Amino acid sequence: MRCSTQLQVLVFQLSKSRQTLPNIKQLHAFIAKTHLSIDPFYATRLIRFYALNNDLESARHLFDETPHRTVYVWNSIIRAYAQANKFHDAMWLFNAMRGSETMPDNFTFACVLRLCCENFVVGGLRGVHGSVVVAGLGWDYVCCSALVNAYARVGMIGDARRVFSGVREPDLVLWNSVVSGYGICGKWEEGLELFSVMRIRGIRPDGYTLVGIITGLGDPGLVRIGQGIHGFCLKCSLDCSPHVSSAILSMYSRLMCMDSACRVFDTLCQPDLVTWSSLITGFSQCGDNKMALVFFRNMIMEGGKADPILIACALAASAQVAMVGAGSEIHGYAIRHDYASDVMVSAALIDMYPKCGFLGLGIQVFRYTPRRNVVSFNSIISSLGLYGLPSEAFDMFGELLGEGLKPDEYTFSALLCSCSHAGLVNDGRRFFTRMTDEFSIIAKTDHYVHMVKLLGMAGELEEAYNLVQSAPEPVDPEIWGALLSCCDVHKNTEMADNVAQRLFGIEPGKDTYRVMLSNIYASDGRWDDAKQLRDNVIGGRQKKMPGLSWTEV
DNA sequence: GTAGGGTTAG
(Lines give C-alpha, C1' and ligand atoms only; values in the text may rest on other atoms or scores of the structure.)
Protein backbone atom coordinates (compact mmCIF):
# COMPACT_ATOMS: atom_id res chain seq x y z
CA MET A 1 0.00 0.00 0.00
CA ARG A 2 2.67 2.46 1.09
CA CYS A 3 4.76 1.44 -1.83
CA SER A 4 2.15 2.17 -4.40
CA THR A 5 1.40 5.60 -2.89
CA GLN A 6 5.08 6.29 -3.06
CA LEU A 7 5.17 5.39 -6.67
CA GLN A 8 2.24 7.60 -7.44
CA VAL A 9 3.95 10.54 -5.78
CA LEU A 10 7.01 9.85 -7.86
CA VAL A 11 5.08 9.56 -11.06
CA PHE A 12 3.38 12.82 -10.31
CA GLN A 13 6.60 14.63 -9.43
CA LEU A 14 8.55 13.31 -12.34
CA SER A 15 5.85 13.92 -14.90
CA LYS A 16 5.88 17.63 -14.13
CA SER A 17 7.87 19.17 -16.93
CA ARG A 18 10.12 21.60 -15.05
CA GLN A 19 11.58 20.07 -11.94
CA THR A 20 13.99 21.81 -9.63
CA LEU A 21 16.94 20.17 -7.97
CA PRO A 22 15.75 20.92 -4.38
CA ASN A 23 12.36 19.40 -5.16
CA ILE A 24 13.87 16.21 -6.38
CA LYS A 25 16.30 16.09 -3.46
CA GLN A 26 13.46 16.48 -1.00
CA LEU A 27 11.61 13.67 -2.68
CA HIS A 28 14.72 11.51 -2.66
CA ALA A 29 15.24 12.13 1.08
CA PHE A 30 11.64 11.27 1.77
CA ILE A 31 11.92 7.98 -0.05
CA ALA A 32 15.15 7.15 1.78
CA LYS A 33 13.44 7.79 5.12
CA THR A 34 10.65 5.35 4.36
CA HIS A 35 13.26 2.66 3.60
CA LEU A 36 11.54 1.81 0.41
CA SER A 37 13.80 0.72 -2.34
CA ILE A 38 13.34 2.70 -5.45
CA ASP A 39 11.89 1.03 -8.47
CA PRO A 40 14.69 0.82 -11.09
CA PHE A 41 12.55 2.71 -13.58
CA TYR A 42 12.37 5.75 -11.31
CA ALA A 43 15.95 5.33 -10.14
CA THR A 44 17.04 5.72 -13.76
CA ARG A 45 15.02 8.88 -14.19
CA LEU A 46 16.34 10.35 -10.96
CA ILE A 47 19.97 9.54 -11.77
CA ARG A 48 19.54 11.16 -15.16
CA PHE A 49 18.00 14.17 -13.54
CA TYR A 50 20.89 14.53 -11.09
CA ALA A 51 23.41 14.14 -13.91
CA LEU A 52 21.70 16.88 -15.89
CA ASN A 53 22.04 19.14 -12.88
CA ASN A 54 25.70 18.25 -12.36
CA ASP A 55 24.99 16.62 -9.01
CA LEU A 56 27.06 13.48 -9.37
CA GLU A 57 27.21 12.87 -5.65
CA SER A 58 23.44 12.51 -5.30
CA ALA A 59 23.30 10.42 -8.44
CA ARG A 60 25.86 8.05 -6.94
CA HIS A 61 23.99 7.92 -3.62
CA LEU A 62 20.83 6.93 -5.36
CA PHE A 63 22.65 4.35 -7.42
CA ASP A 64 24.18 2.84 -4.27
CA GLU A 65 20.74 2.72 -2.64
CA THR A 66 19.22 0.90 -5.58
CA PRO A 67 19.65 -2.85 -5.06
CA HIS A 68 17.90 -3.97 -8.20
CA ARG A 69 20.08 -2.59 -10.97
CA THR A 70 18.77 -2.99 -14.45
CA VAL A 71 20.92 -2.24 -17.46
CA TYR A 72 19.18 1.16 -17.59
CA VAL A 73 20.27 1.97 -14.04
CA TRP A 74 23.87 0.99 -14.78
CA ASN A 75 23.97 2.91 -18.04
CA SER A 76 22.57 6.05 -16.48
CA ILE A 77 25.23 6.16 -13.75
CA ILE A 78 28.08 5.30 -16.11
CA ARG A 79 26.88 7.94 -18.54
CA ALA A 80 26.63 10.47 -15.70
CA TYR A 81 30.33 10.01 -14.89
CA ALA A 82 31.34 9.81 -18.55
CA GLN A 83 29.61 13.08 -19.40
CA ALA A 84 31.36 14.76 -16.48
CA ASN A 85 34.55 13.30 -17.99
CA LYS A 86 35.36 11.35 -14.84
CA PHE A 87 37.27 8.70 -16.70
CA HIS A 88 38.41 6.58 -13.78
CA ASP A 89 35.06 6.53 -11.95
CA ALA A 90 33.22 5.66 -15.14
CA MET A 91 35.66 2.87 -15.99
CA TRP A 92 35.50 1.55 -12.43
CA LEU A 93 31.70 1.36 -12.64
CA PHE A 94 31.92 -0.26 -16.07
CA ASN A 95 34.18 -2.96 -14.67
CA ALA A 96 31.92 -3.36 -11.63
CA MET A 97 29.01 -3.84 -14.00
CA ARG A 98 30.88 -6.56 -15.86
CA GLY A 99 31.34 -8.34 -12.54
CA SER A 100 27.63 -8.04 -11.76
CA GLU A 101 24.65 -10.04 -12.92
CA THR A 102 23.67 -7.38 -15.41
CA MET A 103 25.73 -7.49 -18.57
CA PRO A 104 26.56 -4.34 -20.53
CA ASP A 105 24.51 -3.76 -23.64
CA ASN A 106 25.38 -1.96 -26.88
CA PHE A 107 24.66 1.44 -25.30
CA THR A 108 26.97 0.77 -22.38
CA PHE A 109 29.78 -0.07 -24.79
CA ALA A 110 29.04 2.98 -26.95
CA CYS A 111 29.26 5.23 -23.92
CA VAL A 112 32.54 3.73 -22.70
CA LEU A 113 34.06 3.86 -26.20
CA ARG A 114 33.38 7.55 -26.42
CA LEU A 115 34.92 8.02 -23.00
CA CYS A 116 38.10 6.20 -24.07
CA CYS A 117 38.52 8.21 -27.24
CA GLU A 118 37.88 11.52 -25.49
CA ASN A 119 40.70 10.66 -23.12
CA PHE A 120 42.92 9.21 -25.86
CA VAL A 121 43.12 5.86 -24.08
CA VAL A 122 43.91 3.73 -27.11
CA GLY A 123 44.59 0.61 -25.05
CA GLY A 124 41.19 0.93 -23.41
CA LEU A 125 39.61 1.41 -26.80
CA ARG A 126 41.12 -1.82 -28.10
CA GLY A 127 40.10 -3.64 -24.94
CA VAL A 128 36.50 -2.50 -25.12
CA HIS A 129 36.42 -3.34 -28.85
CA GLY A 130 37.43 -6.87 -27.86
CA SER A 131 34.64 -7.05 -25.29
CA VAL A 132 32.16 -5.82 -27.89
CA VAL A 133 33.12 -8.69 -30.17
CA VAL A 134 33.02 -11.21 -27.31
CA ALA A 135 29.56 -9.96 -26.34
CA GLY A 136 28.41 -10.76 -29.88
CA LEU A 137 27.85 -7.11 -30.71
CA GLY A 138 30.49 -6.88 -33.43
CA TRP A 139 27.84 -6.07 -36.04
CA ASP A 140 25.60 -3.93 -33.89
CA TYR A 141 24.88 -0.52 -35.42
CA VAL A 142 25.21 1.38 -32.15
CA CYS A 143 28.51 -0.24 -31.20
CA CYS A 144 29.95 0.06 -34.68
CA SER A 145 29.17 3.73 -35.10
CA ALA A 146 30.70 4.39 -31.70
CA LEU A 147 33.76 2.32 -32.66
CA VAL A 148 34.18 4.08 -36.01
CA ASN A 149 33.93 7.46 -34.34
CA ALA A 150 36.29 6.52 -31.51
CA TYR A 151 39.01 5.11 -33.78
CA ALA A 152 38.80 8.12 -36.09
CA ARG A 153 39.11 10.53 -33.17
CA VAL A 154 42.33 8.94 -31.97
CA GLY A 155 43.67 9.05 -35.52
CA MET A 156 43.28 5.33 -36.27
CA ILE A 157 41.21 5.78 -39.40
CA GLY A 158 42.30 2.41 -40.81
CA ASP A 159 40.72 0.60 -37.87
CA ALA A 160 37.62 2.76 -38.20
CA ARG A 161 37.32 1.78 -41.84
CA ARG A 162 37.74 -1.93 -41.00
CA VAL A 163 34.88 -1.77 -38.49
CA PHE A 164 32.70 0.01 -41.03
CA SER A 165 33.53 -2.47 -43.78
CA GLY A 166 32.56 -5.34 -41.48
CA VAL A 167 28.91 -4.24 -41.46
CA ARG A 168 26.93 -5.54 -44.39
CA GLU A 169 24.27 -2.85 -44.68
CA PRO A 170 25.32 0.24 -42.76
CA ASP A 171 22.54 2.56 -41.60
CA LEU A 172 22.60 6.33 -41.97
CA VAL A 173 24.30 6.96 -38.62
CA LEU A 174 27.05 4.48 -39.41
CA TRP A 175 27.60 6.10 -42.82
CA ASN A 176 27.75 9.46 -41.12
CA SER A 177 30.27 8.20 -38.58
CA VAL A 178 32.67 6.95 -41.23
CA VAL A 179 32.28 10.05 -43.42
CA SER A 180 32.89 12.37 -40.46
CA GLY A 181 35.74 10.08 -39.37
CA TYR A 182 37.58 10.88 -42.59
CA GLY A 183 36.68 14.54 -42.06
CA ILE A 184 38.21 14.48 -38.57
CA CYS A 185 41.41 12.98 -39.99
CA GLY A 186 41.49 15.65 -42.71
CA LYS A 187 41.04 13.06 -45.48
CA TRP A 188 38.35 14.89 -47.37
CA GLU A 189 38.88 12.95 -50.60
CA GLU A 190 38.04 9.62 -49.02
CA GLY A 191 35.10 11.23 -47.24
CA LEU A 192 33.76 12.56 -50.50
CA GLU A 193 34.29 9.20 -52.20
CA LEU A 194 32.26 7.43 -49.50
CA PHE A 195 29.64 10.12 -49.79
CA SER A 196 29.08 9.26 -53.44
CA VAL A 197 29.07 5.52 -52.72
CA MET A 198 26.43 6.17 -50.11
CA ARG A 199 24.29 8.10 -52.56
CA ILE A 200 24.65 5.40 -55.22
CA ARG A 201 23.34 2.92 -52.68
CA GLY A 202 20.30 5.12 -52.19
CA ILE A 203 21.07 6.39 -48.68
CA ARG A 204 19.77 9.94 -48.31
CA PRO A 205 22.37 12.13 -46.60
CA ASP A 206 21.33 14.40 -43.74
CA GLY A 207 22.90 17.31 -41.90
CA TYR A 208 25.38 15.09 -40.05
CA THR A 209 26.70 13.72 -43.33
CA LEU A 210 27.36 17.15 -44.78
CA VAL A 211 28.92 18.47 -41.61
CA GLY A 212 31.22 15.44 -41.63
CA ILE A 213 32.44 16.21 -45.15
CA ILE A 214 32.73 19.92 -44.53
CA THR A 215 34.95 19.46 -41.45
CA GLY A 216 37.56 17.76 -43.60
CA LEU A 217 38.00 20.79 -45.85
CA GLY A 218 40.74 22.92 -44.37
CA ASP A 219 43.14 23.67 -47.18
CA PRO A 220 42.63 27.08 -48.81
CA GLY A 221 43.12 25.38 -52.20
CA LEU A 222 39.76 23.64 -51.85
CA VAL A 223 37.50 26.62 -52.34
CA ARG A 224 35.76 25.20 -55.42
CA ILE A 225 34.96 21.94 -53.67
CA GLY A 226 33.69 23.83 -50.65
CA GLN A 227 31.44 25.93 -52.86
CA GLY A 228 30.17 22.78 -54.55
CA ILE A 229 29.23 21.24 -51.21
CA HIS A 230 27.60 24.47 -50.12
CA GLY A 231 25.55 24.35 -53.34
CA PHE A 232 24.50 20.79 -52.56
CA CYS A 233 23.31 21.86 -49.11
CA LEU A 234 21.25 24.67 -50.64
CA LYS A 235 19.73 22.27 -53.17
CA CYS A 236 18.70 19.81 -50.46
CA SER A 237 17.62 22.60 -48.09
CA LEU A 238 20.08 21.26 -45.56
CA ASP A 239 21.50 24.73 -45.01
CA CYS A 240 18.55 25.55 -42.75
CA SER A 241 19.99 23.39 -39.98
CA PRO A 242 22.04 25.55 -37.62
CA HIS A 243 24.78 22.91 -37.42
CA VAL A 244 25.16 22.77 -41.19
CA SER A 245 25.22 26.51 -41.75
CA SER A 246 27.63 26.92 -38.88
CA ALA A 247 29.92 24.25 -40.35
CA ILE A 248 29.75 25.96 -43.78
CA LEU A 249 30.64 29.27 -42.19
CA SER A 250 33.66 27.86 -40.42
CA MET A 251 34.67 26.05 -43.60
CA TYR A 252 34.74 29.36 -45.51
CA SER A 253 36.71 30.83 -42.61
CA ARG A 254 39.31 28.06 -42.85
CA LEU A 255 39.41 28.43 -46.63
CA MET A 256 40.06 32.15 -46.07
CA CYS A 257 36.94 33.18 -47.99
CA MET A 258 35.75 35.78 -45.54
CA ASP A 259 33.24 37.33 -47.96
CA SER A 260 31.43 34.02 -48.27
CA ALA A 261 31.71 33.42 -44.53
CA CYS A 262 30.08 36.80 -43.89
CA ARG A 263 27.29 36.08 -46.34
CA VAL A 264 26.51 32.83 -44.54
CA PHE A 265 26.74 34.64 -41.23
CA ASP A 266 24.12 37.17 -42.36
CA THR A 267 21.65 34.37 -43.05
CA LEU A 268 21.86 33.02 -39.50
CA CYS A 269 18.98 34.06 -37.31
CA GLN A 270 20.71 33.38 -34.03
CA PRO A 271 24.50 33.18 -34.28
CA ASP A 272 25.92 31.40 -31.24
CA LEU A 273 29.32 31.51 -29.60
CA VAL A 274 30.83 28.97 -31.99
CA THR A 275 29.67 30.78 -35.15
CA TRP A 276 30.90 34.13 -33.84
CA SER A 277 34.19 32.45 -32.97
CA SER A 278 34.54 30.87 -36.42
CA LEU A 279 34.11 34.25 -38.03
CA ILE A 280 36.42 36.09 -35.64
CA THR A 281 39.21 33.49 -35.79
CA GLY A 282 38.74 33.38 -39.56
CA PHE A 283 39.46 37.10 -39.89
CA SER A 284 42.40 36.75 -37.57
CA GLN A 285 43.87 33.87 -39.59
CA CYS A 286 43.51 35.90 -42.77
CA GLY A 287 45.58 38.61 -41.15
CA ASP A 288 42.62 40.99 -40.88
CA ASN A 289 42.93 41.37 -37.14
CA LYS A 290 41.18 44.74 -37.07
CA MET A 291 38.08 43.15 -38.56
CA ALA A 292 38.36 40.33 -36.03
CA LEU A 293 38.27 42.93 -33.26
CA VAL A 294 35.32 44.74 -34.84
CA PHE A 295 33.32 41.52 -34.89
CA PHE A 296 34.35 40.70 -31.34
CA ARG A 297 33.01 44.05 -30.25
CA ASN A 298 29.80 43.56 -32.27
CA MET A 299 29.24 40.26 -30.56
CA ILE A 300 29.56 41.78 -27.11
CA MET A 301 27.32 44.72 -28.10
CA GLU A 302 24.65 42.29 -29.27
CA GLY A 303 24.66 40.60 -25.90
CA GLY A 304 26.87 37.64 -26.78
CA LYS A 305 29.11 36.22 -24.10
CA ALA A 306 32.70 35.30 -24.94
CA ASP A 307 34.42 32.29 -23.40
CA PRO A 308 38.13 31.96 -22.52
CA ILE A 309 39.03 30.56 -25.95
CA LEU A 310 37.50 33.48 -27.81
CA ILE A 311 38.88 36.05 -25.35
CA ALA A 312 42.37 34.63 -25.87
CA CYS A 313 41.85 34.83 -29.63
CA ALA A 314 40.72 38.46 -29.46
CA LEU A 315 43.73 39.31 -27.28
CA ALA A 316 46.01 37.66 -29.85
CA ALA A 317 44.38 39.79 -32.55
CA SER A 318 45.05 42.94 -30.49
CA ALA A 319 48.67 41.85 -30.09
CA GLN A 320 49.05 41.33 -33.85
CA VAL A 321 48.01 44.90 -34.59
CA ALA A 322 49.66 46.24 -31.42
CA MET A 323 46.43 47.89 -30.28
CA VAL A 324 46.88 48.13 -26.54
CA GLY A 325 43.57 50.00 -26.22
CA ALA A 326 41.58 47.09 -27.59
CA GLY A 327 43.72 44.64 -25.65
CA SER A 328 43.21 46.31 -22.29
CA GLU A 329 39.48 46.70 -22.98
CA ILE A 330 39.30 42.94 -23.50
CA HIS A 331 41.39 42.50 -20.36
CA GLY A 332 38.70 44.47 -18.51
CA TYR A 333 36.00 42.26 -20.01
CA ALA A 334 37.90 39.17 -18.85
CA ILE A 335 38.18 40.55 -15.31
CA ARG A 336 34.47 41.43 -15.18
CA HIS A 337 33.53 37.92 -16.27
CA ASP A 338 36.01 36.25 -13.96
CA TYR A 339 38.13 34.81 -16.76
CA ALA A 340 41.31 36.78 -16.06
CA SER A 341 42.90 33.91 -14.16
CA ASP A 342 42.04 31.38 -16.85
CA VAL A 343 45.27 29.88 -18.17
CA MET A 344 44.51 30.61 -21.84
CA VAL A 345 43.44 34.17 -21.13
CA SER A 346 46.38 35.03 -18.89
CA ALA A 347 48.86 33.53 -21.34
CA ALA A 348 47.32 35.67 -24.08
CA LEU A 349 47.57 38.76 -21.86
CA ILE A 350 51.21 38.01 -21.03
CA ASP A 351 51.81 37.81 -24.77
CA MET A 352 49.67 40.81 -25.76
CA TYR A 353 51.03 43.57 -23.49
CA PRO A 354 54.69 43.15 -24.47
CA LYS A 355 53.78 42.94 -28.16
CA CYS A 356 52.00 46.28 -27.75
CA GLY A 357 55.11 47.76 -26.20
CA PHE A 358 54.27 47.25 -22.52
CA LEU A 359 56.65 44.60 -21.26
CA GLY A 360 56.12 45.69 -17.64
CA LEU A 361 52.37 45.05 -17.83
CA GLY A 362 53.05 41.61 -19.28
CA ILE A 363 55.35 40.80 -16.37
CA GLN A 364 52.77 42.15 -13.93
CA VAL A 365 50.04 39.91 -15.32
CA PHE A 366 52.46 37.01 -15.16
CA ARG A 367 53.27 37.72 -11.51
CA TYR A 368 49.60 37.99 -10.56
CA THR A 369 48.50 34.84 -12.36
CA PRO A 370 47.56 32.40 -9.61
CA ARG A 371 47.93 29.05 -11.35
CA ARG A 372 50.82 29.53 -13.73
CA ASN A 373 51.52 26.72 -16.09
CA VAL A 374 54.04 26.07 -18.81
CA VAL A 375 52.00 28.13 -21.31
CA SER A 376 52.22 31.25 -19.10
CA PHE A 377 55.97 30.71 -18.74
CA ASN A 378 56.39 30.28 -22.48
CA SER A 379 54.65 33.58 -23.11
CA ILE A 380 56.81 35.54 -20.70
CA ILE A 381 60.05 33.86 -21.80
CA SER A 382 59.39 34.64 -25.43
CA SER A 383 58.48 38.27 -24.58
CA LEU A 384 61.69 38.76 -22.65
CA GLY A 385 63.60 37.28 -25.55
CA LEU A 386 61.94 39.64 -28.02
CA TYR A 387 62.87 42.61 -25.81
CA GLY A 388 66.50 41.52 -25.93
CA LEU A 389 66.61 40.42 -22.31
CA PRO A 390 68.04 36.92 -22.62
CA SER A 391 69.36 36.58 -19.09
CA GLU A 392 65.91 37.47 -17.68
CA ALA A 393 64.44 34.87 -20.01
CA PHE A 394 66.93 32.28 -18.73
CA ASP A 395 66.01 33.19 -15.13
CA MET A 396 62.38 32.57 -15.95
CA PHE A 397 63.32 29.18 -17.32
CA GLY A 398 64.99 28.47 -13.98
CA GLU A 399 61.85 29.59 -12.17
CA LEU A 400 59.76 27.27 -14.34
CA LEU A 401 61.94 24.31 -13.36
CA GLY A 402 61.87 25.49 -9.73
CA GLU A 403 58.07 25.29 -9.74
CA GLY A 404 58.33 21.68 -10.82
CA LEU A 405 56.91 22.33 -14.28
CA LYS A 406 58.07 20.49 -17.38
CA PRO A 407 59.24 22.65 -20.27
CA ASP A 408 57.82 21.80 -23.69
CA GLU A 409 58.89 22.39 -27.29
CA TYR A 410 57.54 25.97 -27.18
CA THR A 411 59.63 26.78 -24.11
CA PHE A 412 62.78 25.83 -26.00
CA SER A 413 61.60 27.61 -29.10
CA ALA A 414 61.31 30.79 -27.00
CA LEU A 415 64.71 30.22 -25.36
CA LEU A 416 66.51 29.53 -28.64
CA CYS A 417 64.84 32.58 -30.14
CA SER A 418 66.20 34.72 -27.27
CA CYS A 419 69.69 33.31 -27.86
CA SER A 420 69.41 33.97 -31.57
CA HIS A 421 68.28 37.58 -31.00
CA ALA A 422 71.16 38.22 -28.64
CA GLY A 423 73.75 36.19 -30.53
CA LEU A 424 74.48 33.94 -27.57
CA VAL A 425 76.00 31.00 -29.41
CA ASN A 426 77.16 28.97 -26.42
CA ASP A 427 73.86 29.32 -24.55
CA GLY A 428 72.02 28.30 -27.68
CA ARG A 429 74.13 25.19 -28.11
CA ARG A 430 73.58 24.32 -24.45
CA PHE A 431 69.79 24.70 -24.60
CA PHE A 432 69.57 22.71 -27.81
CA THR A 433 71.47 19.82 -26.23
CA ARG A 434 69.49 19.99 -22.98
CA MET A 435 66.24 19.99 -24.89
CA THR A 436 66.95 16.69 -26.59
CA ASP A 437 69.11 14.96 -23.97
CA GLU A 438 67.61 16.10 -20.70
CA PHE A 439 63.96 16.67 -21.64
CA SER A 440 63.63 14.22 -24.54
CA ILE A 441 62.01 16.81 -26.78
CA ILE A 442 62.45 16.15 -30.48
CA ALA A 443 63.75 19.24 -32.28
CA LYS A 444 61.19 20.70 -34.69
CA THR A 445 61.51 23.12 -37.61
CA ASP A 446 61.31 26.14 -35.31
CA HIS A 447 64.24 24.97 -33.21
CA TYR A 448 66.40 24.27 -36.24
CA VAL A 449 65.58 27.66 -37.74
CA HIS A 450 66.61 29.48 -34.54
CA MET A 451 69.79 27.43 -34.23
CA VAL A 452 70.72 27.92 -37.87
CA LYS A 453 70.21 31.68 -37.60
CA LEU A 454 72.18 31.82 -34.36
CA LEU A 455 75.13 29.78 -35.66
CA GLY A 456 74.98 31.14 -39.18
CA MET A 457 74.91 34.80 -38.19
CA ALA A 458 77.86 34.18 -35.85
CA GLY A 459 79.79 32.86 -38.84
CA GLU A 460 79.60 29.20 -37.81
CA LEU A 461 78.25 28.21 -41.21
CA GLU A 462 79.85 24.76 -41.23
CA GLU A 463 78.33 23.87 -37.88
CA ALA A 464 74.94 25.15 -39.01
CA TYR A 465 75.18 23.10 -42.21
CA ASN A 466 76.05 19.96 -40.28
CA LEU A 467 73.20 20.55 -37.87
CA VAL A 468 70.68 20.78 -40.69
CA GLN A 469 72.10 17.64 -42.25
CA SER A 470 71.58 15.83 -38.96
CA ALA A 471 67.90 16.85 -38.94
CA PRO A 472 65.46 14.04 -39.71
CA GLU A 473 64.05 13.96 -43.24
CA PRO A 474 62.07 15.59 -44.64
CA VAL A 475 63.82 18.84 -43.77
CA ASP A 476 61.51 21.84 -43.91
CA PRO A 477 62.62 24.23 -46.71
CA GLU A 478 62.39 27.04 -44.17
CA ILE A 479 65.46 25.61 -42.42
CA TRP A 480 67.57 25.56 -45.58
CA GLY A 481 66.22 29.01 -46.39
CA ALA A 482 67.47 30.33 -43.05
CA LEU A 483 70.91 28.95 -43.79
CA LEU A 484 70.84 30.46 -47.26
CA SER A 485 70.18 33.92 -45.83
CA CYS A 486 73.19 33.42 -43.52
CA CYS A 487 75.32 32.57 -46.58
CA ASP A 488 74.08 35.81 -48.08
CA VAL A 489 75.22 37.80 -45.05
CA HIS A 490 78.65 36.16 -45.04
CA LYS A 491 78.93 36.09 -48.83
CA ASN A 492 79.77 32.41 -48.77
CA THR A 493 78.97 31.41 -52.34
CA GLU A 494 80.32 27.92 -52.09
CA MET A 495 78.00 26.94 -49.28
CA ALA A 496 75.16 28.84 -50.89
CA ASP A 497 75.52 26.54 -53.90
CA ASN A 498 75.34 23.50 -51.65
CA VAL A 499 72.34 24.77 -49.77
CA ALA A 500 70.57 25.79 -52.97
CA GLN A 501 70.95 22.29 -54.32
CA ARG A 502 69.28 20.83 -51.23
CA LEU A 503 66.68 23.56 -51.07
CA PHE A 504 65.51 23.48 -54.67
CA GLY A 505 65.40 19.69 -54.52
CA ILE A 506 62.48 20.05 -52.09
CA GLU A 507 60.97 23.37 -53.01
CA PRO A 508 61.34 24.12 -56.72
CA GLY A 509 58.72 26.86 -56.76
CA LYS A 510 59.92 29.09 -53.97
CA ASP A 511 60.83 32.44 -55.52
CA THR A 512 62.11 34.14 -52.37
CA TYR A 513 65.02 31.75 -52.10
CA ARG A 514 65.91 32.17 -55.79
CA VAL A 515 65.97 35.92 -55.31
CA MET A 516 68.25 35.48 -52.31
CA LEU A 517 70.56 33.16 -54.20
CA SER A 518 70.76 35.42 -57.23
CA ASN A 519 71.75 38.25 -54.90
CA ILE A 520 74.57 36.10 -53.57
CA TYR A 521 75.71 35.30 -57.10
CA ALA A 522 75.45 38.92 -58.18
CA SER A 523 77.59 40.15 -55.33
CA ASP A 524 80.13 37.46 -56.23
CA GLY A 525 80.23 38.70 -59.83
CA ARG A 526 78.56 35.59 -61.24
CA TRP A 527 76.23 37.60 -63.45
CA ASP A 528 75.20 34.77 -65.74
CA ASP A 529 74.08 32.56 -62.87
CA ALA A 530 72.27 35.47 -61.29
CA LYS A 531 70.55 36.33 -64.54
CA GLN A 532 69.51 32.76 -65.17
CA LEU A 533 67.94 32.53 -61.75
CA ARG A 534 66.18 35.78 -62.31
CA ASP A 535 64.66 34.49 -65.55
CA ASN A 536 63.51 31.41 -63.69
CA VAL A 537 61.80 33.52 -61.10
CA ILE A 538 60.03 35.79 -63.51
CA GLY A 539 58.84 32.72 -65.44
CA GLY A 540 56.87 34.75 -67.99
CA ARG A 541 55.71 37.38 -65.53
CA GLN A 542 57.14 40.84 -66.00
CA LYS A 543 58.17 41.45 -62.44
CA LYS A 544 61.09 43.53 -61.41
CA MET A 545 63.28 41.52 -59.19
CA PRO A 546 64.01 43.17 -55.88
CA GLY A 547 67.62 43.46 -54.89
CA LEU A 548 69.05 43.09 -58.37
CA SER A 549 68.28 46.58 -59.61
CA TRP A 550 71.38 48.08 -58.13
CA THR A 551 73.65 45.55 -59.85
CA GLU A 552 71.79 45.61 -63.14
CA VAL A 553 74.11 44.36 -65.85
C1' DG B 1 4.43 -2.00 -18.51
C1' DT B 2 7.01 1.92 -18.39
C1' DA B 3 12.77 4.20 -20.33
C1' DG B 4 17.63 6.28 -23.26
C1' DG B 5 20.80 5.10 -25.89
C1' DG B 6 25.34 5.35 -31.42
C1' DT B 7 27.17 10.19 -35.77
C1' DT B 8 27.24 17.21 -36.15
C1' DA B 9 30.87 23.58 -35.94
C1' DG B 10 35.79 27.69 -32.97
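The values are calculated or read from the model by the stated rules, or taken from the named source; none is laboratory data. Since the structure is predicted, the reported quantities are computational estimates derived from the model, not experimental observations. Cβ sites come from the backbone with ideal geometry, for glycine too, and all protein chains shown count toward neighbours. We work out accessible area using only protein heavy atoms, side chains counted, and drop any ligands, DNA or RNA first. Shrake-Rupley method; radii C 1.70, N 1.55, O 1.52, S 1.80 Å.
Between beta-carbons, use under 14 Å as the cut-off and find the net charge around A:S391, counting Lys and Arg +1, Asp and Glu -1.
-3
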| task | Pop out the carbon and sulfur fraction of the accessible area of region A:218-333 as a percent, whole number, probe 1.4 Å. | result | 58
| request: Would you mind putting A:324-332, A:408-416 in packing order, based on average other-beta-carbon counts within 10 Å, highest first? | output: A:408-416, A:324-332
| task | Report the calculated FRET efficiency for A:N53 and A:F358 (r = Cβ-Cβ distance, R0 = 51 Å), to the nearest 0.05. | result | 0.70
| query | Using a 1.4 Å probe, what is the accessible area per residue for region A:183-270, in Å²? | reply | 54
| field | Dipole magnitude (debye, nearest 20) for region A:271-371, charges at Cβ of Lys, Arg, Asp, Glu | value | 260
| field | Environment charge of A:V71, counting only residues whose C-beta is closer than 11 Å and scoring Lys/Arg +1, Asp/Glu -1 | value | -1
| When only the heavy atoms of the protein chains count and the probe is 1.4 Å, how do A:I225, A:I157, A:I200 rank by accessible area, highest first? | A:I200, A:I225, A:I157
| message | So, R0 is 41 Å and r is the distance between the beta-carbons of A:L386 and A:S523; what FRET efficiency does that work out to, to 0.05? | response | 0.85
| query | If you stretched the chain out fully between A:Q227 and A:D206, how much longer would it get, using 0.36 nm times the residue separation minus the C-alpha to C-alpha distance? | reply | 5.8 nm
| said: Can you order the peptides A:160-172, A:286-298 by their average number of other Cβ atoms within 10 Å per residue, highest first? | reply: A:286-298, A:160-172
| said: Helix-only estimate, please: 222 nm mean residue ellipticity of chain A, summing -39500 (n - 2.57) across DSSP H runs of length 4 or more and dividing by its residues, to the nearest 500. | reply: -22500 deg cm²/dmol
| request: Calculate the length of the line joining the C-alpha centroid of region A:347-388 to that of region A:37-84, in whole Å. | output: 46
| Solvent-accessible area, 1.4 Å probe, carbon plus sulfur percent, for region A:90-176 | 58
| task | Grab the Cα-Cα distance for A:L172 and A:D395, subtract it from 0.36 nm times how many residues apart they are, and report the gain in nm with one decimal. | result | 74.5 nm
| said: Straight-line reach from A:K187: which aspartates and glutamates fall under 15 Å, measuring Cα to Cα and dropping same-chain residues less than 8 apart? | reply: A:D159, A:D219
| query | What dipole magnitude, in Debye to the nearest 20, does chain A give about its Cα centre under +1 on Lys/Arg Cβ and -1 on Asp/Glu Cβ? | reply | 1820
| Which parts of region A:43-75 would a label at A:L21 reach, counting a residue when its backbone N lies under 12 Å from a point 7 Å out along Cα-to-Cβ? | A:50-59
| Rounded accessible area per residue of region A:40-144, 1.4 Å, Å² | 51
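What net charge is computed for the residues neighbouring A:D307, neighbours being all others with C-beta under 15 Å from the C-beta of A:D307, Lys and Arg scored +1, Asp and Glu -1?
Summing Lys/Arg as +1 and Asp/Glu as -1 gives -1.
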| query | Do any of A:K25/A:K86; A:K86/A:K305; A:K355/A:K453 go past 25 Å between their Cα atoms, and which? | reply | A:K86/A:K305
| query | If one computes the Cα centroid of region A:228-250 and of region A:411-452, what distance in Å separates the two points? | reply | 46
| message | What distance in nm lies between label points placed 7 Å from Cα along the C-beta direction at A:Q532 and A:D338? | response | 7.0
| task | Compute the length gained on full extension between A:M103 and A:S237: take 0.36 nm times their separation in residues and subtract their Cα-Cα distance, giving the result in nm to one decimal. | result | 43.9 nm
| Quick one: how many Å² of A:M323 are accessible to a 1.4 Å probe, rounded to 10? | 70
